[in-house]
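A.B. asks: First the structure, then my questions, so here it is.
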Amino acid sequence: MLESLVIGVVVLVAALYAVWALMPASTRRNLAMRWSHALGGPSAPGVAGQLAARLQKLAKVRAGGCSECPAATLTPAERSQRKGPTG
């Protein structure tokens, strides 16, 4: 019984993480900020304030993607040099 409960919780957490990670960044930021404000913001007392502060921090974190790839920081001239003469 306990084993099934633990497995269910692990699967649920993994599914929620997958949904969160695959969600568009703008939607993820909006949800995190909305949940943070619903909890009363970081100035709220107790656990709600701590959770709201974490949500706001999470909303501001870059979650990977093309903008973090080193190639995204190259100028157009640098990109053309990397491609070489054959393209």
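The numbers here are math on the coordinates, done by the rules we state, and not lab data. As the structure is a prediction and not an experimental result, all values here were calculated from the model. Because the Cβ atoms are built from the backbone with ideal geometry, glycine has one as well, and the counts that use them run over all protein chains shown.
A.B. asks: Fewest first, what order do E78, E3 take by the number of other Cβ atoms within 10 Å?
C.D. replies: Listed from fewest to most nearby Cβ atoms, that is E3, E78.
A.B. asks: What order, most packed first, do the peptides 36-47, 15-26 have when packing is the mean number of other Cβ atoms within 10 Å of each residue?
C.D. replies: Most protected by this proxy first, the peptides run 36-47, 15-26.
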